[in-house]
1. So, of the residues in segment 1-19 that are surrounded by 15 or more Cβ atoms within 10 Å (Cβ to Cβ) and not in a strand (DSSP E or B), which turns out to be modelled with the lowest pLDDT?
2. Among the residues of segment 64-78, write down those that are out of contact with any strand residue (DSSP E or B) (no Cβ under 7 Å at 6 or more places or on another chain) and surrounded by 19 or more Cβ atoms within 10 Å (Cβ to Cβ).
3. From the list 102, 22, 61, 26, which one is out of contact with any helix residue (DSSP H, G or I) (no Cβ under 6 Å at 6 or more places or on another chain), modelled with pLDDT under 90 and either surrounded by 12 or more Cβ atoms within 10 Å (Cβ to Cβ) or of a type in the set (Lys, Arg) (or both)?
4. Give segment 29-58 a look and list any residue that's hydrophobic (A, V, I, L, M, F, W, C), part of a loop (DSSP other than H, G, I, E, B), open to solvent by 40 Å² or more (accessible area, probe 1.4 Å) and touching a strand residue (DSSP E or B) at 6+ places or on another chain (Cβ under 7 Å), or say none.
5. Are there any pairs, at least 6 apart or on different chains, whose C-beta atoms fall under 8 Å, with the first in segment 95-118 and closer than 20 Å to residue 28 by Cβ and the second in a helix (DSSP H, G or I) and modelled with pLDDT under 75, and if so, which?
6. Hey, residue 81 hits all of (1) assigned to a loop (DSSP other than H, G, I, E, B); (2) surrounded by 14 or more Cβ atoms within 10 Å (Cβ to Cβ) but one; which does it fall short on?
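The values are calculated or read from the model by the stated rules, or taken from the named source; none is laboratory data. None of these values were measured; they are calculated from a predicted model. Cβ placement follows ideal geometry from the backbone for every residue including glycine, while neighbour counts extend to all protein chains displayed. SASA here: full protein model, heavy atoms, side chains in, ligands and nucleic acids out. Shrake-Rupley method; radii C 1.70, N 1.55, O 1.52, S 1.80 Å.
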Amino acid sequence: MYDYEMDGASSLVRPYAVTGGRTRPRYELALESLVFSERGRDGVPLTPECQAILGLCKVWRSVAEVSALTRMPLGVARVLIADLLHEGLVQVQQPQGGPDGRPDLALMERVLSGLRGL
């Protein structure tokens, strides 16, 4: 079970209940993929977890940030974000790798520099 907060209220929910038993998202989402939502739910019934994600993503946030800020396990956040993407409620920008599929070296150097700065 995990404990997530929305609007100051805390709730204990089993992860498989939130995802309907699914463990894999419809789309592969990297930790650093950015998520944004400028639209409301447009009459689509959403779970409190999905509503929380939409509320957080009024500014671009990484999948990892969404997971941390909602206090959801990363796998749950990925499944729910992929569902929201499928419904057209969020935009996702996937990281760009090099031509060989590896991460961009300049990005990795910036991450390493940032970690050293901590």
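1. Restricting to residues being surrounded by 15 or more Cβ atoms within 10 Å (Cβ to Cβ) and not in a strand (DSSP E or B), the top hit is 15.
2. Initially, segment 64-78 is screened for residues out of contact with any strand residue (DSSP E or B) (no Cβ under 7 Å at 6 or more places or on another chain), giving 64-65, 67-69, 74-78.
Hits for segment 64-78 are 67, 76, 77, 78.
3. Values: 22 fails: out of contact with any helix residue (DSSP H, G or I) (no Cβ under 6 Å at 6 or more places or on another chain); 61 fails: modelled with pLDDT under 90; 26 fails: out of contact with any helix residue (DSSP H, G or I) (no Cβ under 6 Å at 6 or more places or on another chain).
The unique qualifying residue is 102.
4. Keep residues of segment 29-58 that are hydrophobic (A, V, I, L, M, F, W, C), which gives 29-31, 34-36, 44, 46, 50, 52-54, 56-57.
Among the residues that remain, those that are also part of a loop (DSSP other than H, G, I, E, B) are: 29-31, 44, 46, 57.
With open to solvent by 40 Å² or more (accessible area, probe 1.4 Å) added as a condition, the list becomes 31, 44.
Answer for segment 29-58, where residues must be hydrophobic (A, V, I, L, M, F, W, C), part of a loop (DSSP other than H, G, I, E, B), open to solvent by 40 Å² or more (accessible area, probe 1.4 Å) and touching a strand residue (DSSP E or B) at 6+ places or on another chain (Cβ under 7 Å): just 31.
5. 95/107
6. (1)
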